[in-house]
């Protein structure tokens, strides 16, 4: 079975540019999570969706960040305008149900560098 | 916010030795999970232990949970080079979210 698929794997862009990260969750999973991982702050939950509806976006750092899930098989995380401090690895994960009683399945991430 | 905190931050062992890492958390939980992350890859789920369980095994992995001390441990027995990775605990703090610790980096020397 295909796992969670993220694209691109690497993105290098200049400050001020718009960045769009993409995620395809595992088919049949009702929950989708976006995380950011840095050395300083570890793994942070940015936002999660249930059945394509954003449930909790309290982790989104600023209005420059937005996320959408137009259908069950696709989600995007957009940063506009991007800043050097946004440099991090961004992960998407999905799970059958929410809560801690089911594992989350992670993609291999997008390594984002903002110059 | 990070609910779980792993200890030690880093661990270096010889192939064949056991590796033990600990996770402490602050609030009541229903479940605790352990994940592994290889360099440049996403996190991979290893094992889930429920709050009413004290110990769980999966292959060479053994996880314990002590809810009275708000702590868990992960033991990897007979380590192999392929076990070189970072290991994270994750707890469910508010129902539908997981909070991850900072991780323990394990290096297995050949």
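The values are calculated or read from the model by the stated rules, or taken from the named source; none is laboratory data. Just so it is clear, the structure is predicted and the values come from calculations on it, not from any experiment. For neighbour counting, all protein chains shown are included, and Cβ atoms are generated from backbone atoms with ideal geometry for every residue, glycine included.
Within segment A:41-49, identify whether any single residue is over 22 Å from residue B:102 (Cα atoms) and at pLDDT 95 or above, and answer yes or no.
Narrowing segment A:41-49 to residues over 22 Å from residue B:102 (Cα atoms): A:49.
Applying the additional criterion that residues be at pLDDT 95 or above yields A:49.
Scanning segment A:41-49, I find at least one residue that is over 22 Å from residue B:102 (Cα atoms) and at pLDDT 95 or above, so the answer is yes.
Report yes if residue A:61 is more than 9 Å from chain B (Cβ to nearest Cβ), touching a strand residue (DSSP E or B) at 6+ places or on another chain (Cβ under 8 Å) and farther than 25 Å from residue B:91 by Cβ, otherwise no.
Working: more than 9 Å from chain B (Cβ to nearest Cβ): yes; touching a strand residue (DSSP E or B) at 6+ places or on another chain (Cβ under 8 Å): yes; farther than 25 Å from residue B:91 by Cβ: no.
When the stated conditions are applied, residue A:61 does not pass them.
Return the residues of segment B:53-63 that are surrounded by fewer than 18 Cβ atoms within 10 Å (Cβ to Cβ) and in contact with a strand residue (DSSP E or B) (Cβ under 9 Å, 6 or more places away or on another chain); say none if nothing qualifies.
Once the filter is applied, which keeps residues that are surrounded by fewer than 18 Cβ atoms within 10 Å (Cβ to Cβ) and in contact with a strand residue (DSSP E or B) (Cβ under 9 Å, 6 or more places away or on another chain), segment B:53-63 yields B:53, B:54, B:55, B:56, B:57, B:58, B:60, B:61, B:62.
Yes/no matrix, rows are residues, columns are (1) modelled with pLDDT of 95 or more; (2) crowded, with 17+ Cβ neighbours inside 10 Å; (3) more than 10 Å from chain A (Cβ to nearest Cβ):
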| site | (1), (2), (3) |
| --- | --- |
| B:31 | no, yes, no |
| B:36 | yes, yes, yes |
| B:41 | yes, no, no |
| B:46 | yes, yes, no |
| B:65 | yes, yes, yes |
| B:73 | yes, yes, yes |
| B:76 | yes, yes, yes |
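Looking only at segment A:60-85, which residues are within 22 Å of residue A:24 (Cβ to Cβ) and outside any strand (DSSP E or B)? Reasoning before the result, please.
Initially, segment A:60-85 is screened for residues within 22 Å of residue A:24 (Cβ to Cβ), giving A:60, A:65-80.
Matches in segment A:60-85: A:60, A:72, A:73, A:80.
Does residue A:98 count as under 18 Å from residue B:42 (Cβ atoms) and in contact (Cβ under 8 Å) with a residue 12 or more places away in the chain?
On the way: under 18 Å from residue B:42 (Cβ atoms): no; in contact (Cβ under 8 Å) with a residue 12 or more places away in the chain: yes.
Considered against the rule, which asks whether it is under 18 Å from residue B:42 (Cβ atoms) and in contact (Cβ under 8 Å) with a residue 12 or more places away in the chain, residue A:98 comes out as no.
Being within 10 Å of chain A (Cβ to nearest Cβ) and either part of a strand (DSSP E or B) or buried (at least 19 other Cβ atoms within 10 Å of the Cβ) (or both) is the filter here, so list the residues in segment B:87-101 that pass it.
Those that are within 10 Å of chain A (Cβ to nearest Cβ) and either part of a strand (DSSP E or B) or buried (at least 19 other Cβ atoms within 10 Å of the Cβ) (or both): B:88, B:90, B:91, B:92, B:93, B:97, B:98, B:99, B:100, B:101.
Across segment A:26-40, which residue is surrounded by the fewest Cβ atoms within 10 Å (Cβ to Cβ) among those that are within 20 Å of residue A:78 (Cα to Cα) and either under 11 Å from the mean Cα position of the chain (by Cα) or free of Cβ contacts under 8 Å to residues at least 60 places away in the same chain (or both)? Explain how you work it out, then say what you get.
At the first step, the residues of segment A:26-40 found to be within 20 Å of residue A:78 (Cα to Cα) are A:31-38.
Within this subset, residues satisfying the condition of being either under 11 Å from the mean Cα position of the chain (by Cα) or free of Cβ contacts under 8 Å to residues at least 60 places away in the same chain (or both) are A:32-38.
Numbers: A:32: 28, A:33: 27, A:34: 25, A:35: 25, A:36: 22, A:37: 19, A:38: 13.
The qualifying residue surrounded by the fewest Cβ atoms within 10 Å (Cβ to Cβ) is A:38.
Of these, A:100, A:16, which one is more than 14 Å from the chain's Cα centre (by Cα), assigned to a loop (DSSP other than H, G, I, E, B) and modelled with pLDDT under 95? Break it down into steps so the answer makes sense when it comes.
Working: A:16 fails: modelled with pLDDT under 95.
Every option except A:100 fails the conditions.
Is segment B:30-47 home to any residue that is in contact with a strand residue (DSSP E or B) (Cβ under 7 Å, 6 or more places away or on another chain) and more than 26 Å from residue A:107 (Cβ to Cβ)? Don't jump to the end; show me each part of the working.
Let us first name the residues in segment B:30-47 that are in contact with a strand residue (DSSP E or B) (Cβ under 7 Å, 6 or more places away or on another chain), namely B:30-38, B:42-47.
Cutting the leftovers down to more than 26 Å from residue A:107 (Cβ to Cβ) gives us none.
Within segment B:30-47 (the criterion being in contact with a strand residue (DSSP E or B) (Cβ under 7 Å, 6 or more places away or on another chain) and more than 26 Å from residue A:107 (Cβ to Cβ)), the answer is no, since none of the residues qualifies.
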